[in-house]
Amino acid sequence: MQAWHRHPLIAPGPWQYSPACQVQGGEASNKLPFKRHPLFKMPSCSSDCCLFHAAEDVKVFSEDGTCKVVEILADMTARDLCQLLVYKSHCVDDSSWTLVEHHPHLGLERCLEDHELVVQVERTMASESKFLFRKNYAKYEFFKNPMNFFPEQMVTWCQQSNGSIPQTQLLQNFLNSSSCPEIQGFLHVKELGRKSWKKLYVCLRRSGLYCSTKGTSKEPRHLQLLADLEDSNIFSLIAGRKQYSAPTDHDFCIKPNKVRSETKELRLLCAEDEQSKTCWMTAFRLLKYGRLLYQNYRIPQQRKALLSPFSTPVRSVSENSLVAMDFSGQTGRVIENPVEAQSAALEEGHAWRKRSTRMNILGSQSPLHPSTLSTVIHRTQHWFHGRISREESHRIIKQQGLVDGLFLLRDSQSNPKAFVLTLCHHQKIKNFQILPCEDDGQMFFSLDDGNTKFSDLIQLVDFYQLNKGVLPCKLKHHCIRVAL
């Protein structure tokens, strides 16, 4: 029997997973069973402690509405459950999978931190709420590019209203519990129990979120507590304008853990732009969890380093490790010169075009009608999302993290023969139309008015993962939806 064991670097509490389905009433159940490792012996404990180790059923949904019931132990973390679902769904484990706490009746959702206990979080959720299994490429992006997440004018010291934190020490100050960084700026704040919003000067500290009752003053007598961090979590709003009449689309919420279905105690907030919203939400996580977040970020890297001598890592363009190469000589070399790299990229595009032309001539009955395979093969790819709207594509990009290079392809709504590339760059979402074009009796696809042509969309995506061309950045991560 196969077994899925907890890795020693992941979290305490050994358990194993048996992929064999439980059979109930002659049919295979969709429940994933867990059992305590046979070599593990429970220490003597009280009856209350034993309840903590009891197995419970948790239902997890995917984006397409399918779900899986998982039997887990009470000490199982969000990372553990994600790794199990990755294993069962045959996905690539690139540490970007997350468990999402989704409250449709409140219009809120958030990604669980990797160390959070799933059963403990579920006990704070209403019956209408559910867990979603989803990608989030931006989960730890602030550790890689902190300067993109914290605008200099928004970060200061509590003790010095006009002071600033050096960018090189920014994260260290957030992770160090003895330091006192704070985020400051104007936010639209919804009044509790009312429909009106007010624009207030707000500051976020380790002790909580405060607003000033007198302009931009941060004197203690002028500060009023809006929410604390210890017994609350920060959420994104799903449809803030529609449900709460939010003044902007950059809305978020601080929800006390005790709140299940009531909206009157929600602290609803709106920023002026996406960067400001991301700054507030990231700072909340850092001030609340501190070094735990850094440990969560480091664990997959430590695990990869530990396993690397025994396994060959999967090559992924998401690692941003692809470079232009020249194999014209006896040995390959990396092309350092940007001009030469651009020339090589164009030459490769023409080579693809020639190869695909020969294939189409040999494989098609008529040179004017390309093979059926080239027109539908992209539908087998995870990055192709079919006939979804522009708004839906933007929603998917936002949900899976506004990081540079995140993309998806979809059918065009305005042109039935065309496609659209939706791409994120600098926390903004842009759309590029991919049009069919004819050359020497053959049909190709191009997004730069025919200057670079490809016989199918897979070739196009492969090319722009290596070369940005007319795009603002290379294609790096693709949006994916997995059926459980």
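Over 20 Å between C-alpha atoms is what I'm after, so list which of Lys130/Lys304; Lys198/Lys430; Lys195/Lys218; Lys144/Lys476 land there.
Over 20 Å Cα-Cα: Lys130/Lys304; Lys198/Lys430; Lys195/Lys218.
Using only the Cα atoms of region 194-257, build the gyration tensor, take square roots of its eigenvalues as a ≥ b ≥ c, and label the shape rounded, prolate or oblate: rounded if a/c is under 1.5, else prolate if a/b is larger than b/c, else oblate.
Oblate shape, in that a/c is at least 1.5 and b/c is the bigger or equal ratio.
Spelling out what I want: for every residue of region 418-433, take phi, set θ = phi - 60°, compute 6.51 cos²θ - 1.76 cosθ + 1.60 (Karplus), and round to whole Hz; glycine and proline get x.
10, 10, 10, 9, 9, 9, 9, 8, 6, 6, 10, 9, 10, 10, 10, 7
With the cut-off at 1.5 for a/c, could you classify region 47-128 from its C-alpha gyration tensor as rounded, prolate or oblate?
Judged from the Cα gyration tensor, region 47-128 comes out oblate (a/c at least 1.5, b/c at or above a/b).
Output wanted: per-residue J couplings in Hz (rounded whole) for region 275-288, from phi through Karplus 6.51 cos²θ - 1.76 cosθ + 1.60, θ = phi - 60°, x for Gly and Pro.
Ordered by residue, 3J(HN,Hα) equals 5, 5, 4, 4, 4, 4, 5, 5, 5, 4, 4, 5, 5, 7 Hz.
Which of the trypsin sites (Lys or Arg not before Pro) across region 410-475 are loop residues per DSSP, with 16 or fewer other Cβ within 10 Å?
Lys417, Lys468
At 0.36 nm per residue, and after removing the present C-alpha to C-alpha distance, how many nm does the segment from Lys214 to Lys430 gain when stretched out fully?
Additional length available on full extension: 73.8 nm.
Could you work out how far apart the two model spin labels at Glu230 and Arg395 are, taking each label as a point 7 Å from the Cα in the direction of the beta carbon, and quote it in nm?
3.8
Stretch Ala74-Asp249 to full length: gain in nm at 0.36 nm per residue minus the Cα-Cα span?
The span from Ala74 to Asp249 would gain 59.3 nm if fully extended.
At a Förster distance of 35 Å, what's the computed FRET efficiency of Arg298 paired with Ala239, Cβ-Cβ distance as r, to 0.05?
0.50
Rounded if a/c is under 1.5, else prolate if a/b beats b/c, else oblate: with a ≥ b ≥ c from the C-alpha gyration tensor eigenvalues square-rooted, which is region 436-484?
Oblate.
Arrange the peptides 65-71, 91-97, 103-109 so that the one whose residues have, on average, the most other Cβ atoms within 10 Å appears first.
In decreasing order of mean packing, 65-71, 91-97, 103-109 become 103-109, 91-97, 65-71.
Here, each number is a calculation from the coordinates, and none is a lab measurement. Since the structure is predicted, the reported quantities are computational estimates derived from the model, not experimental observations. Cβ atoms come from the backbone with ideal geometry, glycine included; neighbour counts cover every protein chain shown.
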